[in-house]
Amino acid sequence: MENLLNNLKMEVHDNLYLKEPFSSELGSSIVQEGAMLIRDLGMEHFTFKKLAVHIGVTEAAVYRYFENKHMLLLYLTAWYWAWMEVNYVYATANLESSKSRLSIAMKLLVNGPVFIKNAHIDPQDLRSIVVNESLKGYLTKTVDTEHENGIFAQVYSFGERISELIAEINPSYPYPKTLAYTVMESSLLHAFNSKHLPNMTEQSLDSENRLVFFEDLIVKAISNE
């Protein structure tokens, strides 16, 4: 199974790019090397000029694939959530219990993907980018237009799976979608805070304890008692 996933390319919304990146060696390099530079430099210091120099092409060549660095970030974020959904589907394929499937979803959110190798983009790089940079892609003036254009289809798809699980466990719980996306966003913020803003959380809240925290949070919220 891992060999199959290693070569799997995620399908993301085609409004995220001008030319399908993995249709060429250059496009693949733009995504792969761009991800590493964003991981190392952060969005504030990352530019297409630096990427072009890094891979030895003109800046104009990079712009043939992505409108700007903002869209590259959204592309990488979309790829991550699509990869998370694939991980979830494979990890829960033989689980009938909705509670067991929800537990797998929580582990993915807190710890990142189970399958950590992919020939196209390094999932561990993506995890780092999503934790440290992804909110910068959402909190913009263009978010409404991007929403209408389907840019966030992958994050919506994964979130729907979690909200459906919540509704399955407790059909009378009135806010399954709100809870699902709150946990998705908060799991990233907690991972960021534990590393960069430790005074915002207990020092003992490592990944194992964050999992306990989120499982406790969601179980109590949807409890029938």
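The values are calculated or read from the model by the stated rules, or taken from the named source; none is laboratory data. What you see is a predicted model, and the numbers here were worked out from it, not measured in a lab. In this analysis, Cβ positions are derived from the backbone assuming ideal geometry, glycine residues included, and neighbour counts consider all displayed protein chains. Just so you know, the surface numbers come from the protein's heavy atoms only, side chains and all, with ligands and any DNA or RNA stripped out. Shrake-Rupley method; radii C 1.70, N 1.55, O 1.52, S 1.80 Å.
Brief remarks on what is shown
- Based on the Stokes-Einstein relation at 10 °C and a viscosity of 1.306 mPa s, and on the Kirkwood radius from alpha carbon pairs, segment 128-225 is assigned a translational diffusion coefficient of 106 µm²/s.
- Segment 154-208 and segment 40-83 have their alpha-carbon centroids 28 Å apart.
- For Glu44 and Leu217, the FRET efficiency from 1/(1 + (r/R0)^6), where r spans their Cβ atoms and R0 equals 25 Å, is about 0.20.
- Total lysine pairs whose alpha carbons fall under 15 Å of each other in the chain (8 or more apart, or interchain): 7
- Kirkwood-type radius of the chain, with distances r between different C-alpha atoms, in Å: 18.5
- Dipole-positive endmost among Val131, Ser157, Thr142 within segment 117-172 (Cβ charges, Cα centre): Val131
- Residues Glu185, Glu20 ordered from highest to lowest accessible area at a 1.4 Å probe: Glu185, Glu20.
- Value of relative contact order over the chain, rounded to a whole percent, pairs C-alpha under 8 Å and six or more apart: 23
- Positive dipole terminus of the chain, leading residue within Leu26, Tyr88, Asn111 (C-beta point charges): Leu26
- Translational D in µm²/s for segment 36-106 (Stokes-Einstein at 25 °C, 0.890 mPa s, Kirkwood Rh from C-alpha pairs): 168
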